Amino acid sequence: MAVAGEPGPERTAFRRRLTVVSGPSGVGKSSVVSALRRLKPEIFFSVSVTTRSPRLGEVDGEHYHFVDRATFDKLVEAGELLEHAEFAGNCYGTPREPVERALAEGRPAVLEIELQGARQVRAAMPDARLVMLMPPSWDELVGRLTGRGTEHEAAVRARLAEAERELAAAGEFDARVVNADVREAAERLLDLMDQDF
Ligand code: 5GP
């Protein structure tokens, strides 16, 4: 029975844990993370800062904080990013303060970031759980990336090259989840977050 002032089952099941979701571009990270958000709205989902231009339908402050390079560099210099990386010609970073606040409040937090960032989080916060989202196959990933239609050919090539590097690092991660079905992958992620450790 829950006792007043003590964490309820919901709070104890989720430790104060940071989960990093990585995986190659086109693997469906955003869809899986959105499905996870629907399953557990109480999770804190970090909104990254990026110098990339918004894609159609992307909302500033919701999908990303879109900033120029000078603003990004200032955030890096001021130590305001938990991690940051350059990916396919653009800069991306995780604002430190909101993540630290969520964790301090006992909320589980999720970062959806690429490999270099995941490695920085691992170094800074060894307790973080690193999960790599994998495509069912390489051909499937190529199909998803080329079929997305949001990037030019050169950008797709750059993302495929990054994808190869990312998948080669799968062994560095605590867990690997294959995204054959978005809902199932989100549930698997939730299971991992729920595990006792
Ligand atoms: P996209 O341009 O497709 O939105 O993102 C490109 C890559 O950058 C994706 O792999 C995405 O997960 C990653 N990314 C997004 N935000 C961050 C961040 O804050 N830090 C790092 N290191 N990578 C990020």
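What's the total number of residues in segment 141-158 that are part of a helix (DSSP H, G or I) and open to solvent by 20 Å² or more (accessible area, probe 1.4 Å)?
Summing the residues that are part of a helix (DSSP H, G or I) and open to solvent by 20 Å² or more (accessible area, probe 1.4 Å) in segment 141-158 gives 10.
Hey, can you tell me all the residues within segment 65-81 that are touching a helix residue (DSSP H, G or I) at 6+ places or on another chain (Cβ under 8 Å) and more than 21 Å from R55 (Cα to Cα)?
Result: G79, E80, L81.
Of all residues in segment 101-117, how many are in a helix (DSSP H, G or I) and near the ligand (Cβ under 7 Å from one of its atoms)?
Summing the residues that are in a helix (DSSP H, G or I) and near the ligand (Cβ under 7 Å from one of its atoms) in segment 101-117 gives 2.
When you go through (1) hydroxyl-bearing (S, T, Y); (2) modelled with pLDDT under 95; (3) surrounded by fewer than 21 Cβ atoms within 10 Å (Cβ to Cβ) one by one for S53, which number turns out not to apply?
Only one criterion is unmet by S53, namely (2).
Please verify whether segment 83-100 includes one or more residues that are free of Cβ contacts under 8 Å to residues at least 12 places away in the same chain and either part of a loop (DSSP other than H, G, I, E, B) or open to solvent by less than 40 Å² (accessible area, probe 1.4 Å) (or both).
No.
Name the one entry in E140, E184, E162 that is closer than 17 Å to S30 by Cβ and touching a residue at least 24 places away in the same chain (Cβ under 8 Å).
Matching residue, one of E140, E184, E162: E162.
Looking at (1) more than 19 Å from V20 (Cβ to Cβ); (2) of a type in the set (G, A, S); (3) within 15 Å of the ligand (Cβ to nearest atom), find the lone condition where G143 falls short.
Exception for G143: condition (3).
It is to be established whether one or more residues within segment 127-140 are touching a Leu at 6+ places or on another chain (Cβ under 9 Å), surrounded by fewer than 16 Cβ atoms within 10 Å (Cβ to Cβ) and closer than 29 Å to E100 by Cα.
yes
Please find, among P98, P41, the residue that is more than 8 Å from the ligand (Cβ to nearest atom), within 25 Å of R129 (Cα to Cα) and out of contact with any strand residue (DSSP E or B) (no Cβ under 9 Å at 6 or more places or on another chain).
So the residue among P98, P41 that is more than 8 Å from the ligand (Cβ to nearest atom), within 25 Å of R129 (Cα to Cα) and out of contact with any strand residue (DSSP E or B) (no Cβ under 9 Å at 6 or more places or on another chain) is P41.
Any idea how many residues of segment 1-30 are surrounded by 15 or more Cβ atoms within 10 Å (Cβ to Cβ) and modelled with pLDDT of 85 or more?
Number of matching residues: 13.
Do you know which residues across segment 60-82 are more than 14 Å from the ligand (Cβ to nearest atom), surrounded by 11 or more Cβ atoms within 10 Å (Cβ to Cβ) and acidic (D, E)?
Hit for segment 60-82 is D73, nothing else.
Report yes if R38 is more than 14 Å from the chain's Cα centre (by Cα), basic (K, R) and open to solvent by less than 30 Å² (accessible area, probe 1.4 Å), otherwise no.
no
The values are calculated or read from the model by the stated rules, or taken from the named source; none is laboratory data. In this text the structure is predicted, and so the values were computed from the model without any measurement. Methodologically, a virtual Cβ is constructed for each residue, glycine included, from the backbone with ideal geometry; neighbour enumeration extends over all protein chains shown. Surface areas here come from the heavy atoms of the whole protein model, side chains and all, with no ligands, DNA or RNA. Shrake-Rupley method; radii C 1.70, N 1.55, O 1.52, S 1.80 Å.
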